[in-house]
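**Q** Pasting in a structure now, in structure tokens, and then I'll have a few things to ask.
The values are calculated or read from the model by the stated rules, or taken from the named source; none is laboratory data. Predicted, not measured: the structure shown is a model, and the values here were computed from it. Glycine gets a Cβ as well: all are built from the backbone with ideal geometry, and neighbour counts include every protein chain shown.
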């Protein structure tokens, strides 16, 4: 599928101009690339082609021998299935919620860390730590040690007896994801902040711009590329969220937090509807393709910026 | 000056808030069960290693060894595949180098669930379910694009002039790799390997669906805690601390290179 992603900018200059040479020279150049390329094609593209094929089959693994070609029926049933539409809406909500909140928090923390203060590297180490905790361990920690109504930390510290996961399932999942992904956003934005030219900032200060004006008029436009990159990379990773949903809510209550990966997982391993699961998978790929095209444009833009510096 | 230290205090508070759940996890791991699940929270207690002992009694070691094997071998293969590929996309580029580069990254953008069923069926057909080597192959493909992009961004830092001067002096490819390229990119190589290791170690979806009793990795050990009843919080925290520890250490050590790896080399 993925080869169809348009190369965003055909004018991108190669780091080193490829030399025109004979066929032998071209193969010598290609040789180091081939093992990795072939491996990636075999392990990622071939399965996807098979998924495409399976998505046209009426096939429930519990009824072997009744596999047959059904054309686009699976797509029809998947697209009209209310569960899947709910899963789609939940995916968008969970992904967008986690990305937006972690971006905002990450920006605030990056601005704080961009200043000099005592123990800055210690604070940075503390801030990246949530990202390093194994995702399923983090999900379990939040579910049991933080959200639990009787002995969880929130109720333990602030009183009350709210059952956070049952009362606010989406927020509970999003908060866990935000905790884990804010460090990621912070690191990208901090790199952006530190790539600002200090002379220009000094000049603005000399010209009498105040801190807010400098941030609003100079830093934010400079950070735009980095904000986009963080948002898009974050979306690509978070659209696949499975651990947190599987652990904290099991998609519930009802289908309140069932996202597409979890729904496909259920279709595959609980209902054994292989045909429908494949069709749903293809739809997810198409959606990701849209996001991915934007992502590639941003990434190649960033490379151009680095080159021109 | 006062304003500056004020912002420092705010940053410290933010840092402590963010790291607090992790500190709480580690503290709880050293409690007895009756001190772990209390309201209000227990702050002072006599530390004990009982929970760690208990977790290892429940046979956690094979899970850790499987994770170690799957992560180490896949990282090794990834580096062996990605470094030459990155070389052919940077220092001695093939004609359509940017097409290949974007092909690699686009495979990373495909959600794992989308192509999972055929992989599952094939693995089952080959009798490779519950086999560590299956995980090695899949983790290799999961990390390959990341490693290619990352290694390429490090290889581009090798100064062309030095490389060309070496060629003029008649240095063979092997010599220039050994004497010029490797010394410059080896920190990058280490960072790439570390990030691939982190992603393999933490991977959950594939491990959950492709392993059972023999090849289960560390995250799978935690699945039993999802709907636990009774007193288990301290034990859970001990297990979570153990499985997170390798990545915590690796990440702290490599934190300067983390952002570059996670952004696939786009941000330096």
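**Q** Determine, yes or no, whether residue A:154 is assigned to a helix (DSSP H, G or I), facing chain B (nearest Cβ under 10 Å), touching a helix residue (DSSP H, G or I) at 6+ places or on another chain (Cβ under 7 Å) and more than 30 Å from residue A:192 (Cβ to Cβ).
**A** No, not satisfied.
**Q** Counting only residues that are surrounded by fewer than 18 Cβ atoms within 10 Å (Cβ to Cβ) and at pLDDT 85 or above, which one in the range B:20-42 is nearest to residue A:112 (Cα to Cα)?
**A** B:20
**Q** Just one of the numbered conditions (1) facing another protein chain (nearest Cβ under 7 Å); (2) part of a helix (DSSP H, G or I) is not true of residue B:27; which one?
**A** (1)
**Q** Only one of these conditions is not met by residue B:191: (1) in a loop (DSSP other than H, G, I, E, B); (2) touching a residue at least 24 places away in the same chain (Cβ under 8 Å). Which number is it?
**A** Tallying (1) in a loop (DSSP other than H, G, I, E, B); (2) touching a residue at least 24 places away in the same chain (Cβ under 8 Å), residue B:191 fails exactly one: (1).
**Q** Taking the condition at the interface with chain B (Cβ under 8 Å from one of its Cβ atoms) and either surrounded by 21 or more Cβ atoms within 10 Å (Cβ to Cβ) or closer than 14 Å to residue A:236 by Cβ (or both), does residue A:287 pass?
**A** On the way: at the interface with chain B (Cβ under 8 Å from one of its Cβ atoms): no; either surrounded by 21 or more Cβ atoms within 10 Å (Cβ to Cβ) or closer than 14 Å to residue A:236 by Cβ (or both): yes.
No; evaluated as a whole, the condition is false for this residue.
**Q** With respect to residue A:137, is the statement that it is over 23 Å from the mean Cα position of the chain (by Cα), facing chain B (nearest Cβ under 10 Å) and either at pLDDT below 85 or crowded, with 21+ Cβ neighbours inside 10 Å (or both) true?
**A** Answer is no for this residue.
**Q** Further question on the same structure: Out of (1) facing another protein chain (nearest Cβ under 10 Å); (2) surrounded by 14 or more Cβ atoms within 10 Å (Cβ to Cβ); (3) within 30 Å of residue A:262 (Cβ to Cβ), what's the single condition that is false for residue B:227?
**A** Going through (1) facing another protein chain (nearest Cβ under 10 Å); (2) surrounded by 14 or more Cβ atoms within 10 Å (Cβ to Cβ); (3) within 30 Å of residue A:262 (Cβ to Cβ) one by one, residue B:227 breaks only (2).
**Q** Here is a follow-up. Restricting to the range B:203-224, give me the number of residues that are in a loop (DSSP other than H, G, I, E, B) and at the interface with another protein chain (Cβ under 7 Å from one of its Cβ atoms).
**A** 2
**Q** Evaluate the range B:63-79: report whether one residue or more is crowded, with 22+ Cβ neighbours inside 10 Å, within 8 Å of chain A (Cβ to nearest Cβ) and modelled with pLDDT of 90 or more.
**A** No: zero hits.
**Q** Output the residues belonging to the range B:249-267 that are touching a residue at least 60 places away in the same chain (Cβ under 8 Å) and under 15 Å from the mean Cα position of the chain (by Cα).
**A** Result: B:254, B:257, B:258, B:260, B:261, B:262, B:264.
**Q** Only one of (1) in contact with a helix residue (DSSP H, G or I) (Cβ under 7 Å, 6 or more places away or on another chain); (2) more than 30 Å from residue A:155 (Cβ to Cβ); (3) without any contact (Cβ under 8 Å) to a residue 40 or more places away in the chain is not met by residue B:19, so which one is it?
**A** Among (1) in contact with a helix residue (DSSP H, G or I) (Cβ under 7 Å, 6 or more places away or on another chain); (2) more than 30 Å from residue A:155 (Cβ to Cβ); (3) without any contact (Cβ under 8 Å) to a residue 40 or more places away in the chain, residue B:19 violates only (2).
**Q** Also, quick follow-up: Considering only the range B:139-158, I want to know if a residue exists there that is surrounded by fewer than 21 Cβ atoms within 10 Å (Cβ to Cβ) and more than 25 Å from residue B:260 (Cβ to Cβ).
**A** So far as the range B:139-158 goes, no, none of its residues is surrounded by fewer than 21 Cβ atoms within 10 Å (Cβ to Cβ) and more than 25 Å from residue B:260 (Cβ to Cβ).
**Q** Take the conditions within 7 Å of another protein chain (Cβ to nearest Cβ), touching a helix residue (DSSP H, G or I) at 6+ places or on another chain (Cβ under 6 Å) and either over 30 Å from residue B:237 (Cα atoms) or touching a residue at least 60 places away in the same chain (Cβ under 8 Å) (or both) and apply them to residue B:104. Does it pass?
**A** yes
**Q** For the range A:113-135, check the following and say yes or no: at least one residue is under 30 Å from residue A:274 (Cα atoms) and in a helix (DSSP H, G or I).
**A** yes
**Q** Now for a separate question. Is there a residue in the range A:216-225 that is facing chain B (nearest Cβ under 8 Å) and at pLDDT 85 or above? Steps first, answer last, please.
**A** From the range A:216-225, those facing chain B (nearest Cβ under 8 Å) are none; that's our starting set.
No.
**Q** Return yes when residue B:93 is closer than 30 Å to residue A:60 by Cα and free of Cβ contacts under 8 Å to residues at least 24 places away in the same chain and no when it is not. Walk me through how you get there before you give the answer.
**A** Values: closer than 30 Å to residue A:60 by Cα: no; free of Cβ contacts under 8 Å to residues at least 24 places away in the same chain: yes.
So residue B:93 does not fit the description; no.
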